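I have placed the structure first, in the form of structure tokens, so that the comments after it can refer back to it.
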Amino acid sequence: MTPAEQVARMAKIPLIHQPTTMWEYSMAVDILGRVIEAASGKRLAVFLDERLFRPLKMVDSGFWVPSSKISRVAQPLPVDLASGLKTSVLDVSAEPKNDSGGAGAVSTATDYLRFSQMLLNGGELDGVRLLSRSTIKLMTSDHLGMRIAAPFQPGELLLGTPGYTFGLGFAVRQGDGVAGVPGSAGEFMWAGYAGTFFWVDPQEEIVGVYMTQAPSPIRAYYRKMFKALVYQALVD
């Protein structure tokens with residue numbers, strides 16, 4: 001469906017919770033993508049290409065893959081070995097009707113590393129500034145506090161571990177402990193449907209990018225393993 005059709009349908013759905021009372025992973029970022037389209041007068045793919053992908057030289061990022069590059073798309077196993085179920089991923093070979101703000105973008109490890117390094121640098125990379133340092137700080141701070149409940153925390157959703165609150169689009173680590181995986185207070189992260197995962201640790205000046213094409217229930221296990229391997233390799 002088109003973005004306008006999606007918003008029209010979602011507007012008819014009753015709220016699950018009163019606003020500012022409960023954190024729950026939702027379609028919020030998809031709606032935000034539609035807000036960007038309405039405010040800018042451009043489709044999300046064009047807006048992000050002009051304001052993010054091209055300025056950061058993310059040459060292989062977008063919402064679909066042109067035929068000249070389709071041979072480079074990582075192909076999943078036909079059947080997930082952990083669950084025995086048929087593997088299902090989005091078809092990125094065709095231009096979508098809806099540039100979903102919450103899902104559907106496609107990229108490479110190199111491109112996503114540039115994006116993540118920009119975040120670590122406080123909104124700037126190679127002399128190009130996309131966001132202010134104060135904006136990055138706001139996005140990566142705790143926005144749940146004691147007033148907004150999170151029975152199923154962001155870290156449990158991605159890694160199967162507690163210890164993370166939520167910022168503006170990121171899970172944010174509250175302390176060095178509790179989470180049960182290596183990391184530092186203030187690190188922030190998020191992940192993708194097909195098992196992709198990234199985090200930024202300002203204290204250690206680390207960016208981790210983990211790219212897979214395997215939407216398996218065992219995703220959290222490999223994310224934690226990758227994270228542990230990175231921190232175990234650190235020497236002072």
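All of the numbers you see were taken from the coordinates with simple rules; none came from a lab. All values derive from a computational prediction rather than experimental measurement. For neighbour counting, all protein chains shown are included, and Cβ atoms are generated from backbone atoms with ideal geometry for every residue, glycine included.
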Below 27 Å Cα-Cα, how many Lys pairs turn up in the chain? Only count pairs eight or more apart in sequence, or on different chains, if you could. 15
For the chain, with a Gaussian network of springs between Cα atoms less than 10 Å apart, report the residue from Arg173, Arg114, Arg133 with the top mean-square fluctuation. Arg133
When the scattering of region 125-236 is computed by the Debye formula from its Cα atoms alone, each counted once and equally, what is log10 I(q)/I(0) at q = 0.09, 0.11, 0.13, 0.14 Å⁻¹? -0.24, -0.36, -0.50, -0.58
Thinking of region 62-140 as a set of Cα atoms, what percent of all their pairs are more than 18 Å apart? 61
Debye equation applied to the C-alpha atoms of the chain, log10 I(q)/I(0) at 0.09, 0.16 Å⁻¹: -0.41, -1.44
The ³J(HN,Hα) series, computed from each phi in region 120-131 with the Karplus coefficients 6.51, -1.76 and 1.60 at θ = phi - 60°, rounded to the nearest Hz and given as x for glycine or proline, is 4, 7, x, x, 9, 8, 6, x, 9, 9, 9, 9
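Relative to the present Cα-Cα distance, how much length would full extension add between Leu168 and Ala28 at 0.36 nm per residue of separation? Don't jump to the answer; show the numbers that get you there.
Details: separation 140, 0.36 × 140 = 50.40 nm, distance 1.10 nm.
Result: 49.3 nm gained on full extension.
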Amide H contacts under 5 Å for Glu187, placed H, 5+ residues apart: Arg173
Quote the charge dipole size of region 90-220 about the Cα centre in Debye, to the nearest 20; the model charges only the Cβ of Lys and Arg (+1) and of Asp and Glu (-1). 280
5 Å is the cut-off here: which amide hydrogens, built 1.01 Å from N in the peptide plane, fall below it relative to Leu125, excluding neighbours closer than 5 in sequence? Leu130
To the nearest 0.05, how large is the calculated FRET efficiency for Arg72 and Glu50 if R₀ is 30 Å and r is the Cβ-Cβ distance? 0.80
